[in-house]
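Engineer: The structure under discussion is supplied below as structure tokens; questions concerning it will follow.
The values are calculated or read from the model by the stated rules, or taken from the named source; none is laboratory data. These numbers come from a predicted model, not from an experiment. Because the Cβ atoms are built from the backbone with ideal geometry, glycine has one as well, and the counts that use them run over all protein chains shown. What goes into the accessible areas is simple: the full protein's heavy atoms, side chains included, and nothing from ligands, DNA or RNA. Shrake-Rupley method; radii C 1.70, N 1.55, O 1.52, S 1.80 Å.
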Amino acid sequence: MPARPVPGSLNWIMTFDTCGLNPSLIHAAAQQGWHAPTDVQTQAIGPGLASRDVCACAQTGSGKTAAFALPVLQRLTEATAPAPRRPRALVLVPTRELATQVGGEFMALARALPQRLKTAVVFGGVSINPQMLHLRGGADIVIATPGRLLDLLAHNALTLDAVQMLVLDEADRLLDLGFADELTQLLQRLPARRQNLFFSATFAPAVQALADSLLHDPVRVDVAAESSDQPAITQRAIHVDTHRRSPLLRHLLAEHDWDRVLVFVATKYAAEQVADKLRRVGLAAEPFHGMLSQGKRQQVLADFKARRIRVVVSTDLAGRGIDIAQLPVVINFDLPRSATDYIHRIGRTGRAGEPGLAISFVSAGDEAHFRLIEKRQGLPVPREQLDGFEPAPPAPATTSADPEVAAKPGTGGIKGRRPSKKDKLRAAAATISEAKAVES
Ligand code: AMP
């Protein structure tokens with residue numbers, strides 16, 4: 001669904017032509033139904049074409065992918081490919097689904113070019129052999145998740161010594177602790193002289209510092225505020241007791257005729273459980289998380305996009321970059337760990353100029369954490385209570401004999417769930433970023 005240029009905004013007067021794109025790519029954009037650049041494209045395409053480093057902060061759904069894909073493609077067509085053919089552009093993304101989505105956009109745009117550019121999309125969770133086969137004979141553009149790319153390098157399936165352009169999509173996630181080891185290893189394999197294009201909806205202060213250490217005299221693009229392309233997302237917060245969230249979710253699904261709903265939970269176990277409860281009352285619901293096979297993950301997303309499933313109950317796996325056109329509502333059944341994750345989650349709705357709705361279930365124990373999220377996003381969200389779902393009055397002070405339990409309500413953990421090493425690293429990174437943001 002195209003983002004509509006608004007009269008008076010910058011992109012009303014800008015065209016893809018004035019951004020410096022060549023006729024083939026203007027034609028490619030027109031074939032996608034895009035007739036004018038969005039704000040992030042207006043500001044990032046020119047510097048991208050001029051080989052400048054770019055650090056762009058733009059909401060998801062603002063046309064970010066094309067803001068780096070168009071200049072990358074144009075620059076590749078302007079130079080001759082090395083012989084033998086080796087990747088000249090590397091796009092790193094944090095999730096497999098995003099790799100597929102970004103790859104699709106590159107391939108669709110590249111189809112309109114007179115030169116043939118080969119794009120390879122590689123990610124884990126599927127057999128490595130077809131990817132190695134595809135990389136034989138080389139590729140001009142590689143779109144990859146970091147872990148699988150390292151595996152392919154270990155198999156000598158490709159080299160990165162000819163890479164001229166490095167794109168980090170969802171850069172803040174790639175730069176945080178969870179990917180630190182993998183990213184460090186990859187950066188060591190890349191030429192030091194290269195163009196860096198970093199794009200994300202959020203850059204926490206700690207991550208921004210790390211990004212700055214990798215960028216050379218970057219052009220900074222920030223369309224996070226007051227952009228005509230910004231999604232209009234209404235945010236609601238409903239006070240509810242933890243054990244009443246499932247009935248409240250069913251109530252909301254019955255009350256509203258939303259054709260699709262993305263529900264976020266904290267764990268894989270919760271994703272399975274909540275989806276199962278919904279299925280038992282006849283709703284077309286599926287879980288979505290990292291323990292599912294890649295085939296199942298792709299199937300769930302395809303069914304959701306095609307409206308064959310009404311509700312997807314997901315971990316933060318679906319929080320990043322995934323483009324689901326006209327998704328009317330996102331529900332935070334569990335609050336995310338960080339304000340950054342909150343912004344990414346709610347960015348799944350209200351994409352490309354559509355209105356969106358984000359509802360968060362807030363229990364008494366979540367209240368302090370939700371206040372932190374509000375503070376980080378600089379926008380208060382009014383609390384509501386729904387008839388029949390009012391929280392019980394606060395219990396008298398705890399009498400637990402165990403001081404640990406008394407001090408930390410709700411730390412009993414969730415059955416069947418132990419945080420992985422990566423989870424712990426990511427949680428630590430989120431906490432550090434939060435703390436720094438609050439300090440600053
Ligand atoms: P992204 O932020 O890259 O996920 O893009 C969000 C949506 O905006 C995608 O569905 C794109 O097809 C669409 N889009 C990208 N560029 C434009 C444009 N210039 N005009 C209209 N829609 C666009």
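Engineer: Enumerate the strands (runs of 3 or more DSSP E) found wholly within segment 112-178, keeping only those where 2 or more residues are in contact with a Phe, Trp or Tyr (Cβ under 9 Å, 6 or more places away or on another chain), aliphatic (A, V, I, L, M) and assigned by TED's automatic domain parsing to the domain that holds T95. Walk me through it before giving the result.
Structural biologist: On the way: elements: 119-122, 141-144, 165-169.
Strands (runs of 3 or more DSSP E) meeting the threshold: 141-144, 165-169.
Engineer: Which fully enclosed helices (runs of 4 or more DSSP H) of segment 1-107 have 1 or more residues being modelled with pLDDT of 90 or more? Show your work before the answer.
Structural biologist: Values: elements: 10-13, 23-31, 39-49, 64-78.
Counting at least 1 such residues, we get 23-31, 39-49, 64-78.
Engineer: Which condition number in (1) buried (at least 21 other Cβ atoms within 10 Å of the Cβ); (2) away from the ligand (no atom under 16 Å from the Cβ); (3) not charged (D, E, K, R) is the one that Q298 fails?
Structural biologist: In the conditions (1) buried (at least 21 other Cβ atoms within 10 Å of the Cβ); (2) away from the ligand (no atom under 16 Å from the Cβ); (3) not charged (D, E, K, R), Q298 misses (1) alone.
Engineer: So which residues in segment 50-70 are open to solvent by less than 10 Å² (accessible area, probe 1.4 Å), under 20 Å from L90 (Cβ atoms) and within 13 Å of the ligand (Cβ to nearest atom)?
Structural biologist: Answer for segment 50-70, where residues must be open to solvent by less than 10 Å² (accessible area, probe 1.4 Å), under 20 Å from L90 (Cβ atoms) and within 13 Å of the ligand (Cβ to nearest atom): A56, A66, A67, F68, A69, L70.
Engineer: Quick one: count up the residues across segment 306-336 that are under 23 Å from K375 (Cα atoms), at pLDDT 90 or above and either acidic (D, E) or away from the ligand (no atom under 16 Å from the Cβ) (or both).
Structural biologist: Of the residues in segment 306-336, 7 are under 23 Å from K375 (Cα atoms), at pLDDT 90 or above and either acidic (D, E) or away from the ligand (no atom under 16 Å from the Cβ) (or both).
Engineer: Residue under question is G138, and the condition is that it be out of contact with any helix residue (DSSP H, G or I) (no Cβ under 7 Å at 6 or more places or on another chain) and on the phi > 0 side of the Ramachandran plot; does it hold? Working first, answer last.
Structural biologist: Numbers: out of contact with any helix residue (DSSP H, G or I) (no Cβ under 7 Å at 6 or more places or on another chain): yes; on the phi > 0 side of the Ramachandran plot: yes.
It is true that G138 is out of contact with any helix residue (DSSP H, G or I) (no Cβ under 7 Å at 6 or more places or on another chain) and on the phi > 0 side of the Ramachandran plot.
Engineer: Scan segment 117-129 and give yes if some residue there is surrounded by fewer than 22 Cβ atoms within 10 Å (Cβ to Cβ), closer than 19 Å to Q31 by Cβ and of a type outside the set (V, I, T), otherwise no.
Structural biologist: Yes, segment 117-129 contains a residue that is surrounded by fewer than 22 Cβ atoms within 10 Å (Cβ to Cβ), closer than 19 Å to Q31 by Cβ and of a type outside the set (V, I, T).
Engineer: Okay, next question. Residue pairs, Cβ under 8 Å, 6 or more apart or interchain, first in segment 14-34 and charged (D, E, K, R) and open to solvent by less than 50 Å² (accessible area, probe 1.4 Å), second within 13 Å of the ligand (Cβ to nearest atom) and in a loop (DSSP other than H, G, I, E, B). List them.
Structural biologist: none
Engineer: Moving on. Suppose we filter D257, D303 for residues that are without any contact (Cβ under 8 Å) to a residue 24 or more places away in the chain, open to solvent by 30 Å² or more (accessible area, probe 1.4 Å) and either more than 16 Å from the ligand (Cβ to nearest atom) or farther than 17 Å from T95 by Cβ (or both); which single one remains?
Structural biologist: On the way: D303 fails: open to solvent by 30 Å² or more (accessible area, probe 1.4 Å).
After ruling out the rest, the residue left standing is D257.
Engineer: So which of A237, A270, A232, A201 ends up being aliphatic (A, V, I, L, M) and open to solvent by 40 Å² or more (accessible area, probe 1.4 Å)? It would help to see each step written out before you state the result.
Structural biologist: On the way: A237 fails: open to solvent by 40 Å² or more (accessible area, probe 1.4 Å); A270 fails: open to solvent by 40 Å² or more (accessible area, probe 1.4 Å); A201 fails: open to solvent by 40 Å² or more (accessible area, probe 1.4 Å).
A232 is the lone residue from the list that is aliphatic (A, V, I, L, M) and open to solvent by 40 Å² or more (accessible area, probe 1.4 Å).
Engineer: Hey, among the residues in segment 344-366 that are under 16 Å from R376 (Cα atoms) and more than 14 Å from the ligand (Cβ to nearest atom), which one's nearest to the chain's Cα centre (by Cα)?
Structural biologist: Among those that are under 16 Å from R376 (Cα atoms) and more than 14 Å from the ligand (Cβ to nearest atom), it is R345.
Engineer: Hey, could you check segment 25-43 for residues that are more than 10 Å from the ligand (Cβ to nearest atom) and touching a helix residue (DSSP H, G or I) at 6+ places or on another chain (Cβ under 6 Å) and say which is farthest from R111 (Cα to Cα)?
Structural biologist: Residue satisfying both the conditions and the ranking: L25.
Engineer: Test E97 against the criterion of being at negative phi, out of contact with any strand residue (DSSP E or B) (no Cβ under 6 Å at 6 or more places or on another chain) and buried (at least 20 other Cβ atoms within 10 Å of the Cβ), and give yes or no. Don't jump to the end; show me each part of the working.
Structural biologist: Details: at negative phi: yes; out of contact with any strand residue (DSSP E or B) (no Cβ under 6 Å at 6 or more places or on another chain): yes; buried (at least 20 other Cβ atoms within 10 Å of the Cβ): yes.
Judged against the criteria, E97 is a match.
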